[in-house]
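So the structure is just underneath, and the comments pick up after that.
Just so it is clear, none of the values below were taken in a lab; they were calculated from the coordinates. Since the structure is predicted, the reported quantities are computational estimates derived from the model, not experimental observations. Quick reminder, even Gly has a Cβ in these numbers, built from the backbone with ideal geometry, and neighbours come from all protein chains shown.
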Amino acid sequence: GNSVTQMEGPVTLSEEAFLTINCTYTATGYPSLFWYVQYPGEGLQLLLKATKADDKGSNKGFEATYRKETTSFHLEKGSVQVSDSAVYFCALSESGSARQLTFGSGTQLTVLP
Amino acid sequence: DTGVSQDPRHKITKRGQNVTFRCDPISEHNRLYWYRQTLGQGPEFLTYFQNEAQLEKSRLLSDRFSAERPKGSFSTLEIQRTEQGDSAMYLCASSTRLAGESYNEQFFGPGTRLTVL
């Protein structure tokens with residue numbers, strides 16, 4: 001079956017530090033890959049996505065590249081802000097289908113001023 | 001606000017009682033999903049509707065759980081004879097397939113937090 005493995009947290013960084021959250025996946029075929037973010041007290045929001053190999057998803061300064069050879073989709077940001085403090089989830093879905101998302105366990109990020 | 005809404009936001013019940021949650025998807029979204037999220041974990045898929053048809057159910061969805069979407073709009077999730085292990089956040093999401101898109105973005109509601117005493 002499909003699975004997503006995420007870097008364990010929590011992660012604590014100072015403002016303007018570089019962020020990497022690792023994500024690897026196991027899936028049949030060619031899944032679509034996503035990063036979702038959950039801010040305190042809010043619902044899950046799609047942060048970025050990539051639907052095929054070598055695609056780079058980007059949004060709000062965050063980036064992730066779909067690496068089929070390493071089955072990875074690591075999230076990066078060059079300079080984090082206090083407002084980036086949240087829980088980040090890596091997820092996949094089977095490409096071209098309406099099927100469910102398979103999530104990783106989430107990584108809590110805290111950014112200190 | 002026209003996002004996904006869920007009601008109630010919090011529910012505390014005693015073991016053995018029945019509970020029902022409601023989800024109102026984004027208008028005109030024909031796909032609706034239920035997930036369960038326990039503390040420190042990512043959401044886990046429970047079931048999925050396309051319009052009023054329930055097309056897929058996870059093995060997590062025991063016989064005590066039932067979901068409906070009678071008119072293809074809002075959905076309800078009922079848990080009968082609740083157990084302490086049912087304590088979790090229950091999330092609803094909706095989506096619609098756009099022409100030419102190879103994926104469908106799921107929009108999540110704020111969730112219903114269930115505590116079973």
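Values as computed for the structure displayed
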quantity	calculated
Matching entry among B:Ser73, B:Ser58, B:Ser95 (being surrounded by 13 or more Cβ atoms within 10 Å (Cβ to Cβ) and touching a residue at least 60 places away in the same chain (Cβ under 8 Å))	B:Ser95
Counted residues, the range A:38-72 - those being within 14 Å of chain B (Cβ to nearest Cβ) and part of a loop (DSSP other than H, G, I, E, B)	11
Filtered residues of the range A:74-98 (kept if crowded, with 18+ Cβ neighbours inside 10 Å and either in a strand (DSSP E or B) or within 14 Å of chain B (Cβ to nearest Cβ) (or both))	A:Leu75, A:Lys77, A:Ala86, A:Val87, A:Tyr88, A:Phe89, A:Cys90, A:Ala91, A:Leu92, A:Ser93, A:Glu94, A:Ala98
Filter pass, B:Ala93 being under 11 Å from the mean Cα position of the chain (by Cα) and under 21 Å from A:Val87 (Cα atoms)	yes
Residue match in the range B:93-105 (condition: in contact with a His (Cβ under 7 Å, 6 or more places away or on another chain), away from chain A (no Cβ under 11 Å), in a strand (DSSP E or B) and among the hydroxyl-bearing types (Ser, Thr, Tyr))	yes
The range B:18-59: number of residues that are of a type in the set (A, V, I, L, M) and within 11 Å of chain A (Cβ to nearest Cβ)	4
Residue in the range B:1-50 that is surrounded by the most Cβ atoms within 10 Å (Cβ to Cβ), counting only those that are assigned to a loop (DSSP other than H, G, I, E, B) and hydroxyl-bearing (Ser, Thr, Tyr)	B:Thr38
